[in-house]
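Structure, as structure tokens:
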2 protein chains.
Amino acid sequence: MLNRVRSAVAHLVSSGGAPPPRPKSPDLPNSTSAPPADPPQAPRSPPARAGSGSAAPARTVESRASFCRPTFLQLSPGGLRRADDHAGRAVQSPPDTGRRLPWSTGYAEVINSGKSRHNEDQACCEVVYVEGRRSVSGAPREPSRGQGLCFYYWGLFDGHAGGRAAEMASRLLHRHIREQLKDLVEILQDPSPPPLCLPSTPGAPGSSDSSHLVGPQSCWSSQKEVTHESLVVGAIENAFQFMDEQMARERHGHQVEGGCCALVVVYLLGKVYVANAGDSRAIIVRNGEIIPMSREFTPETERQRLQMLGFLKPELLGGEFTHLEFPRRVQPKELGQRMLYRDQNMTGWAYKKIELEDLRFPLVCGEGKKARMMATIGVTRGLGDHNLRVCSSTLPIKPFLSSFPEVRVYDLTQYEHCPDDVLVLGTDGLWDVTSDCEVAATVDRVLSAYEPNDPSRYTALAQALVLGARGTPRDRGWRLPNNKLGSGDDISVFVIPLGGPGSYS
Amino acid sequence: MLNRVRSAVAHLVSSGGAPPPRPKSPDLPNSTSAPPADPPQAPRSPPARAGSGSAAPARTVESRASFCRPTFLQLSPGGLRRADDHAGRAVQSPPDTGRRLPWSTGYAEVINSGKSRHNEDQACCEVVYVEGRRSVSGAPREPSRGQGLCFYYWGLFDGHAGGRAAEMASRLLHRHIREQLKDLVEILQDPSPPPLCLPSTPGAPGSSDSSHLVGPQSCWSSQKEVTHESLVVGAIENAFQFMDEQMARERHGHQVEGGCCALVVVYLLGKVYVANAGDSRAIIVRNGEIIPMSREFTPETERQRLQMLGFLKPELLGGEFTHLEFPRRVQPKELGQRMLYRDQNMTGWAYKKIELEDLRFPLVCGEGKKARMMATIGVTRGLGDHNLRVCSSTLPIKPFLSSFPEVRVYDLTQYEHCPDDVLVLGTDGLWDVTSDCEVAATVDRVLSAYEPNDPSRYTALAQALVLGARGTPRDRGWRLPNNKLGSGDDISVFVIPLGGPGSYS
């Protein structure tokens, strides 16, 4: 994530505003990249999200001072050194021998050209088994009754101000998702609509009917249909939140400094859930057609949310920022003149008389890759960043950042997919220099050069995408064939086949 | 607007929270439906929107106790009685003799079947001339220098809790738009990009360059391109805001009780601006294709905005409401059980343990036409409603309502339109029982029965749309051909031709 946080590392302070760190649970294992068969210790009852103060799965994080790459790359010490070499920028992929990634997923990555010491992207690809916590009826689960659920999981994490947050998220976010799904194992496998209410005590009947409603108003006598799909969406949304809260708790003892964008895919019961918080991107290329599966969250795309928050909670601006947007910085000599502005409600522009408080720094400024919130950060959703402060200030930035993803759902069963239909995930290193159409063209070009049943074609495609965004060293820079600069950022790409060999296995 | 405000009239109180009414300006004319050639007295300098305390155009509103319909209907006293007859529900249109509406616009309306005493919809169609306030350079305008601007204007206003707000908006909103455009007359006619900054004193040079920027950050050294189009959007957005503020000022003396949805169209310099605040709808039907030009703002579509406001400003909930959404009303006996919920960040659902505060009324509840905010109102944007309180409470609802429209722009010059291409505006009385596709089919059916150059075809189309939504009296109700109930609401429709005779005249 090139320059996403302006000198943020230099301005990290670790004081103020943080919840006290939770005590470590001595019985929990170190959360290294253990296989998902190793379940975290779950709390006895599901966490209550609002106002109850109950906790996310308490889990400690081993301090990891050393550089690491995704375990599925199976890098030797020498391979790790090559992956960490800014000069060579060798493209890394899982070895062609041995166990493939699920669905024959393709993956490739390359380190940045020097903007940070290590590759701050991280990735994860797992098959995760979810065992139900207990039966919906409240009765203890019998081993023979009810099957658990499996979900397939892919995650890309683009770190900033250090790689720790991305590394932690790559190890733990899918476990938080598993944790959230544990309550839903039986419900999701039951074709009847989800119960609206669950009993608190085992064996007690739940009240899912609406026959005893209070209140005379018709809007209260109705009851909403809640789909299974929306339960999975809610589970993923809350898992992001719990992951972020865990980072907040552990930021002191374990130096989870910095933050990361998170783009994850969950395949469960026939549907693909794409959850994005940040400026990574996912698209489906299906029969040559492009289907966007995410949108980016930046100071530009989230301007009105940020301005509204600054307007409603002016104390968060610390007297240093104005929630109004101006097309450029207002100068003191322009006091009393009229300048174009936009407030939190406007999409158009109008003139206003410049007053003293308009001389404050704008909450949102700049355009495109230069857009910044509080002159500091270029991405407005993600995980971590609990210690991030405004440059030369103690003003915290975190209140403006959201850890909630947008989740889009794609029903795999509604279309017969061919082996050339793929879901492409990339960090902004890819998308900064590659359009959706160029990706679709590369999909067509590379896949058509391989047999449809050749499982290595998706890795070849991921490599081609990464190489195409990186370019080759020429004229004192990494350059694309058109001589424009390639991406100097970390670049990571998953190619997930939606049909053909290996799928749904 | 059928049942949009639940018994709101009975719960109107006029105390608390209102800004003091501004003194009347004795030199201002009564703002009856005078033609736009009668300009309101404009303040000497353009209004500063944020924090300056300067005012919208000060204008008094004549108290209008009597029922009225749009002047372009040219209703005689007898015609007015027929238009007000709930039993007959005769469709009203401008007379086929005499002056047509601009662009040969078609219009039709019908009163409700008895839900309110009068038709609470209002409409306006005008050609508005905008004279520049002064030259951009600050020099006084010379009569010979610079032309004014004309815009074409159509507005539909769907009132609730009385027809006063809709009636006032139909008389004045286009004047507020004119007022906002006065500063832009020269700028919009100058092909160069709009100046970012205007001088405060006549003759002083503006500073629209960015060569003397302060601040070392790259996001501050950039300057945004602002388009002419976005200035018009900003002018319309602020005009809505000023209209709403005027209603707030005049609500006491002149009984501007209730509120209204506003859907307006402005045609200016080749572009059509469609601004919507409420649940009316605009679509373009072009060569049979449907192009949505608005979206509806209801407790369902604005759930997250409303919840976020309640979460950030809990005092607005008065201890009576919870910002959380539940799929149905929580019952006291369910305390301690787990129920599905959504907060302001979630689109999915998850279970939470029910606590005492979850037993409060939900800020948002119900679905479809039964959806309500604070159990009171079914529409979340519009003008007025400054006195609206929660049922059996003094809690004001206005803080949750937004008077800002969403503005969509359609460039008429980008496509060669034929006489059958139309922009259809309708209040919810139309859309409650008519789909976009059914409207498109009616457009095709009716227009093909007329010669392309017959200017009466658009009124015939508007009448057909209104009749199709009203139905015919049968089996103790107004029924559609499929025997379903027709709309018992007020129904109003504009059909604006985008090509062919009369256009752009």
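Looking at segment A:441-463 only, could you name the residues that are free of Cβ contacts under 8 Å to residues at least 40 places away in the same chain and under 17 Å from A:Ala282 (Cα atoms)?
Hits for segment A:441-463 are A:Ala441, A:Thr442.
Condition check ((1) touching a residue at least 60 places away in the same chain (Cβ under 8 Å); (2) small (Gly, Ala, Ser); (3) under 30 Å from A:Gln92 (Cβ atoms)) across all residues:
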residue	(1), (2), (3)
A:Leu363	no, no, no
A:Lys370	no, no, yes
A:Met373	yes, no, no
A:Ser402	yes, yes, no
A:Asp411	yes, no, no
A:Pro419	yes, no, yes
A:Thr427	yes, no, yes
A:Trp431	yes, no, yes
A:Val439	yes, no, yes
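When segment A:419-435 is examined, which residues are found to be within 11 Å of A:Val285 (Cα to Cα) and open to solvent by 40 Å² or more (accessible area, probe 1.4 Å)?
Scanning segment A:419-435 gives a single hit, A:Asp420.
Can you find, within segment A:436-455, the residue that is surrounded by the fewest Cβ atoms within 10 Å (Cβ to Cβ) among those that are under 30 Å from A:Gly278 (Cβ atoms) and hydrophobic (A, V, I, L, M, F, W, C)?
If we take residues in segment A:436-455 being under 30 Å from A:Gly278 (Cβ atoms) and hydrophobic (A, V, I, L, M, F, W, C), then A:Cys437 is surrounded by the fewest Cβ atoms within 10 Å (Cβ to Cβ).
Residues checked against (1) within 7 Å of another protein chain (Cβ to nearest Cβ); (2) open to solvent by 20 Å² or more (accessible area, probe 1.4 Å); (3) in a loop (DSSP other than H, G, I, E, B):
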{"site": "A:Arg329", "(1), (2), (3)": "yes, yes, yes"}
{"site": "A:Lys333", "(1), (2), (3)": "no, yes, no"}
{"site": "A:Asn345", "(1), (2), (3)": "yes, yes, yes"}
{"site": "A:Gly348", "(1), (2), (3)": "yes, no, yes"}
{"site": "A:Asp358", "(1), (2), (3)": "no, no, no"}
{"site": "A:Lys369", "(1), (2), (3)": "no, yes, no"}
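From the list A:Thr434, A:Thr442, which one is more than 23 Å from the chain's Cα centre (by Cα) and among the β-branched types (Val, Ile, Thr)?
Every option except A:Thr442 fails the conditions.
Here are A:Leu172, A:Leu156: which of them is out of contact with any strand residue (DSSP E or B) (no Cβ under 9 Å at 6 or more places or on another chain), modelled with pLDDT of 95 or more and either open to solvent by 30 Å² or more (accessible area, probe 1.4 Å) or not polar (S, T, N, Q) (or both)?
Among A:Leu172, A:Leu156, only A:Leu172 is out of contact with any strand residue (DSSP E or B) (no Cβ under 9 Å at 6 or more places or on another chain), modelled with pLDDT of 95 or more and either open to solvent by 30 Å² or more (accessible area, probe 1.4 Å) or not polar (S, T, N, Q) (or both).
Under 8 Å between Cβ atoms, which residue pairs at least 6 apart in sequence (or on different chains) link something in segment B:286-300 that is closer than 15 Å to B:Asn276 by Cα with a partner that is open to solvent by 60 Å² or more (accessible area, probe 1.4 Å)?
Listed by first residue and then by second, the contacts come to B:Met293/B:Arg408; B:Ser294/B:Arg408; B:Arg295/B:Thr301.
crowded, with 24+ Cβ neighbours inside 10 Å, of a type in the set (Val, Ile, Thr) and on the phi < 0 side of the Ramachandran plot, is that true of A:Val272?
Taking the combined requirement at face value, the residue does not satisfy it.
Answer with yes or no whether B:Leu363 is open to solvent by 40 Å² or more (accessible area, probe 1.4 Å), more than 19 Å from the chain's Cα centre (by Cα) and more than 8 Å from chain A (Cβ to nearest Cβ).
Criteria not met by B:Leu363.
Restricting attention to segment B:291-321, report how many residues are outside any helix (DSSP H, G or I) and more than 9 Å from chain A (Cβ to nearest Cβ).
15
Could you list, ordered by first residue, the pairs with Cβ atoms under 7 Å in which the first is in segment B:229-243 and within 13 Å of B:Arg381 (Cβ to Cβ) and at the interface with chain A (Cβ under 7 Å from one of its Cβ atoms) and the second is open to solvent by less than 10 Å² (accessible area, probe 1.4 Å) and not in a helix (DSSP H, G or I), at least 6 apart or interchain?
B:Glu237/A:Met346; B:Glu237/A:Gly348; B:Glu237/B:Phe404; B:Glu237/B:Pro405
Would you check which residues across segment A:375-389 are aliphatic (A, V, I, L, M) and more than 10 Å from every other protein chain (Cβ to nearest Cβ) and list them?
A:Ile377, A:Val379, A:Leu383, A:Leu388
Hey, can you tell me all the residues within segment A:380-418 that are part of a strand (DSSP E or B) and within 18 Å of A:Ala239 (Cα to Cα)?
Hits for segment A:380-418 are A:Arg381, A:Leu383, A:Gly384, A:Ser402, A:Glu406, A:Val407, A:Arg408, A:Val409.
Right, B:Ser393: touching a residue at least 24 places away in the same chain (Cβ under 8 Å), of a type outside the set (A, V, I, L, M) and more than 22 Å from B:Asp279 (Cα to Cα) or not?
So B:Ser393 fits the description; yes.
If you check B:Ser280 against the conditions, is it polar (S, T, N, Q), touching a Phe, Trp or Tyr at 6+ places or on another chain (Cβ under 6 Å) and at negative phi?
no
Taking segment A:386-402, which residues are open to solvent by less than 10 Å² (accessible area, probe 1.4 Å) and either modelled with pLDDT of 95 or more or among the charged types (D, E, K, R) (or both)?
A:Ile397, A:Phe400
Would you be able to say whether some residue in segment A:391-398 is within 32 Å of the chain's Cα centre (by Cα), over 23 Å from A:Asp432 (Cβ atoms) and within 10 Å of chain B (Cβ to nearest Cβ)?
Checking segment A:391-398: at least one residue is within 32 Å of the chain's Cα centre (by Cα), over 23 Å from A:Asp432 (Cβ atoms) and within 10 Å of chain B (Cβ to nearest Cβ).
The values are calculated or read from the model by the stated rules, or taken from the named source; none is laboratory data. Owing to the predicted nature of the structure, the values given are computational and were not obtained by experimental measurement. Cβ atoms come from the backbone with ideal geometry, glycine included; neighbour counts cover every protein chain shown. For the accessible areas, the whole protein counts, side chains as well, though only heavy atoms, and no ligand, DNA or RNA atoms are used. Shrake-Rupley method; radii C 1.70, N 1.55, O 1.52, S 1.80 Å.
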